[in-house]
Amino acid sequence: MTFTYKALRKDGSSVNGTIEAADHAAALASLAHQGLHPLVVKASNGSKTKAGGLRFGKHVKTAELVIFTRQFSTMISAGVPLSRGLATLQESPSNPYFREILASVCKDVEGGAPLADAFAKFPNVFDEVFVNMVRAGEEGGILDEILKRLALQVELNASIKKKIKGAMTYPTVILTVTVIAFFGIMLVIMPKISSIFQQLGGPGAQLPIYTRILLSFSHLCQQYALFALPVVAFIAYMVLRYIKTPRGKYQFHALMLRTPVVKTIITKVAIARFSRTFSSLMAAGVGVLDALAVTGGAIGNKVIEKELAYAAEEVKNGRQLSEVLGESPHFPRIVSQMLAVGEETGKTDVVLVKVADFYEEEVATTIDSLASIIEPVMIIFMGAGVGLIAASVMGPIANLSTQIH
């Protein structure tokens, strides 16, 4: 949904704009993450986005975003004004949608809007991390350095996502085919098998318990399939919609952190993102509190983001960040120890880069190991399912045929 808003910046100045969000609560949360205090937030009519009538469903490739970020960083480093740099680069992408976005961003910047606010209008292209890091770069006068590090981070995040998707492709395909085949058997084949049993043994034929269970399930599928499918689809839609709300997203992320195997991958990805983003901001001269605020949005998990917000409050009260993170159930002890070394030596950014490299490698290794385990497990389950169905069908048929003779 598209929302128009009026808000106050930290310096007390007002700003008007539009923002994409799942609902009103998500829009408020997004504005708060941008450091704005919303005064008025209203849903706008129509399916167009905030700038230029851009439509939903368009996509900008990661490679295009990386190229733009690197080129923009080079121009800023060379002293080219923001509006002129954007005007020069807006014709470079081959993607017409991306060109429209850059034209809109350029127009907003020429009108006096901060670059981060102009980027924030397109959350499907410039995510919360991107926007917050640009905002930190603008406020700290280190926008060129931030953009260089952003380009690297976008590439690394894309690499991790590609590995995860690659590892899940095979199991997803196999599971989908298995489910479709199973319900196909239940709806089409088992009714015919049931009639064969009745012809061979009569209505009172004694069948094994696993055969009776399959026949009962097949009967339920025939009776309630047309009713159950819309209900399941509606429930899935409502669950997905709830997950997009701030409360639902937090609860879903908390559930993921309690799920075996999944929690290991999520935690390692979160630590890698924290280390990489926080080190980038510290190296660029951003203050610890501002860096924590930006890094929280980079984690991708609301539970850990809340822990970082608490850590920021504790640091503000005089505690060391390493000490606070050492109390977290999601940050391994080695992270707080390495961070403590960085605080003592004044090289926090260098130390955290090493931590990020380590955990990014750990994520890759874990995903590869998981993929190698999932494939044989899926094959075993499929084989067991086929064997069960075959035994449930062929065994009784053979017994009843023997009784007839």
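The values are calculated or read from the model by the stated rules, or taken from the named source; none is laboratory data. Predicted model, so just to flag it, every value in this text is computed and none were measured. Using ideal geometry, Cβ is built from the backbone for each residue, glycine included, and neighbour counts are taken over all protein chains shown.
Could you please let me know if residue 243 is among the β-branched types (Val, Ile, Thr) and either surrounded by fewer than 13 Cβ atoms within 10 Å (Cβ to Cβ) or touching a residue at least 40 places away in the same chain (Cβ under 8 Å) (or both)? Here the answer is no, as residue 243 does not meet what is asked. When restricted to residues that are surrounded by fewer than 21 Cβ atoms within 10 Å (Cβ to Cβ), within 22 Å of the chain's Cα centre (by Cα) and aliphatic (A, V, I, L, M), the range 304-328 contains 1.
Looking only at residues in the range 71-86 that are small (Gly, Ala, Ser) and touching a Leu at 6+ places or on another chain (Cβ under 9 Å), the one that is nearest to residue 152 (Cα to Cα) is 73. If you take the residues of the range 329-346 that are outside any helix (DSSP H, G or I) and touching a helix residue (DSSP H, G or I) at 6+ places or on another chain (Cβ under 8 Å), which of them is surrounded by the most Cβ atoms within 10 Å (Cβ to Cβ)? Checked the range 329-346; the qualifying residue surrounded by the most Cβ atoms within 10 Å (Cβ to Cβ) is 331. Criterion first (farther than 23 Å from residue 286 by Cβ and either in contact (Cβ under 8 Å) with a residue 60 or more places away in the chain or surrounded by 15 or more Cβ atoms within 10 Å (Cβ to Cβ) (or both)) does residue 104 satisfy it? Taking the combined requirement at face value, the residue satisfies it. Contact map, the range 377-405: residues that are farther than 25 Å from residue 177 by Cβ paired with residues that are at pLDDT 70 or above and in a helix (DSSP H, G or I), Cβ distance under 7 Å, separation 6+ or inter-chain. Pairs shown: 396/197; 396/211; 397/196; 400/197.
Just name the residue that is farthest from residue 389 (Cα to Cα) out of those in the range 169-185 that are of a type in the set (A, V, I, L, M) and surrounded by 11 or more Cβ atoms within 10 Å (Cβ to Cβ). Taking the candidates together, the pick is 173.
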